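Presented below is the structure to which this report refers.
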Amino acid sequence: MVRGLRCSLGGTEVLRGLDLEVNPGEIVGLLGPNGAGKSTLLRCVAGLLPFSGQIEVRGQPVSSSERRGLGPRELALQVALMPQSTTLTSAFPAADVVMMGRYPHQGRFQAESAEDRRAVKNAMAFTATEALALQPINQMSGGERQRVLFAKVLAQDTPLLLLDEPSSGLDLAHQQLTFSYAQTLASQGRTIVAAVQDLRLASTFCTRVILLSQGLILAQGTPQEVLTGQNLEAAYGVKVRVYVNLATGQFDFHLDGAEPSETAPLVHVIGGGGSASSVLRLLTQAGYRVTTGVLSPGDSDLYVANVFELPSIVSPPFWPIEEAVHRQNCAWVREADLVVLCNLVVGAQNLRNLEAATHANELVVLEDQPMSERDFTGGAALDAYSKLTARARVMRSAEFPRWLKTLFYPMKH
């Protein structure tokens, strides 16, 4: 429990009166830009920085400038901190580093006990670092050091774990693994408070998140409640689009650049069935003006277009494209500087998309499968497609980003 927490460093007030509570079994993510106060908050709870206000761990106060409370050793039996910095110059073997986490459990000049050795063994097994036991920690990669330091925190065997950017320096697999460790510990009743930079990891693994900005709590609650475009823009000062990734079912985030200029090339994208989603994201991020169609409600391509607020032509599903809709699609094709025909499946209901593409000033066809495998019109689509590809630039979808960089229009990369 934290009440009215304030902390100043170098004459600057870093924390400006925070109130928060965490409960057993929670994974609480501290989010916010650099300098928001995430690391300072963790270090205050760990008793490493002077503060004013009130911090209690399991009902016991932490010593502050205003009141006496748990001493360093007593606090170390309740709270373990994994710091952000992993710079180590000493050549201690990993097993010895993990054993350092047992110091609160040992008396002065007391040799390590069988319980200490068992705790170290269990912590290293849990973090898959047993093979590193004899390796000097200053000769390890950053990711290996992170895992060993996580094992040290676990060996300390405290009910509250404070992790300061625990996935820093780890590859994607070990980032996921680290937070999976945290989930397992939380399921055993431990409390995890972690400073996290990756919004995706926070939204996936944290039961609750606290968004900090300039030493204050901007918002706190579930990831769904806190990770909104409005909150993130207020905290980070940039426009962020928040949406559900239809492939994973999890939150995803897109950092917007500047709005496309009126002179940016206009690209019309013809897709459907998810074939255009990555193309729409790429073109939007690159700063192009983008339109798309014809798409139907429920199509993942239309969902992505709506997320990025792209003008779209919409037609009812399972129904052939009507004349008025077709004319609008043709008009947008003619207006575009470039038309991209994606690797869509063609049936009777969307065959007119191929007809619309014939009006393109410049046409790129993305082909990942032969049209013969995507034609459900009895050959009409294959015939129309063959005429299009005879005058178009044909490439695989994976080649399109590289080709786009060769264009005259400056891209943001």
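Structure data summary
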quantity	calculated
Per DSSP, loop GluC sites (Glu not before Pro) in region 278-376 with at most 15 further Cβ within 10 Å	Glu309, Glu322, Glu362
Sparsely packed trypsin sites (Lys or Arg not before Pro) within region 361-406, loop by DSSP, other Cβ within 10 Å at most 16	Arg391, Arg396, Lys405
Principal-axis tilt of helix 380-389 within the chain, Cα atoms, nearest 10 degrees	80
Whole-Hz ³J(HN,Hα) from phi, Karplus 6.51 cos²θ - 1.76 cosθ + 1.60, for region 260-276, glycine and proline x	x, 6, 5, 8, 5, x, 9, 10, 9, 10, 9, x, x, x, x, 5, 9
Leu48 paired with Ser187, simple spin-label distance in nm, labels 7 Å along Cα-to-beta-carbon	3.0
Answer label, with Cα Rg over 2.2 N^0.38 Å calculated from the coordinates and candidates (1) 1.19; (2) 1.04; (3) 1.29	(3)
Loop sites in region 102-169: chymotrypsin sites (Phe, Trp or Tyr not before Pro), DSSP, at most 15 other Cβ within 10 Å	Phe109
For region 266-404: Kirkwood Rh in Å [reciprocal of mean 1/r, alpha carbons]	14.6
Cβ-derived FRET efficiency at R0 25 Å, Glu355 paired with Val394, nearest 0.05	0.85
Per residue Cα convex hull volume in Å³ - calculated over region 105-238	150
Region 1-159: Rg to Rh, with Rh as the Kirkwood radius over Cα pairs	0.99
Cβ-based charge dipole, the chain, positive-most Cα from Leu283, Gly10, Ser168	Gly10
Interchain or long-range residues, amide H under 5 Å from Leu218's placed H	Leu211, Leu212, Ser213
Nearest-20 debye value, the chain charge dipole, Cβ charges on Lys, Arg, Asp, Glu	1120
Beta bridge orientation in region 2-251: antiparallel %, DSSP, nearest 5	50
Peptide ranges 294-306, 27-39 listed from the most packed, as the mean C-beta count within 10 angstrom indicates	27-39, 294-306
Using θ = phi - 60° and Karplus 6.51 cos²θ - 1.76 cosθ + 1.60, couplings along region 2-7 (whole Hz; Gly, Pro as x)	10, 9, x, 6, 10, 8
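Values in this text are rule-based calculations from the coordinates and carry no lab data. Not measured: the values here are computed from a predicted model. Positions of Cβ are backbone-derived with ideal geometry, glycine not excepted, and every protein chain shown enters the neighbour counts.
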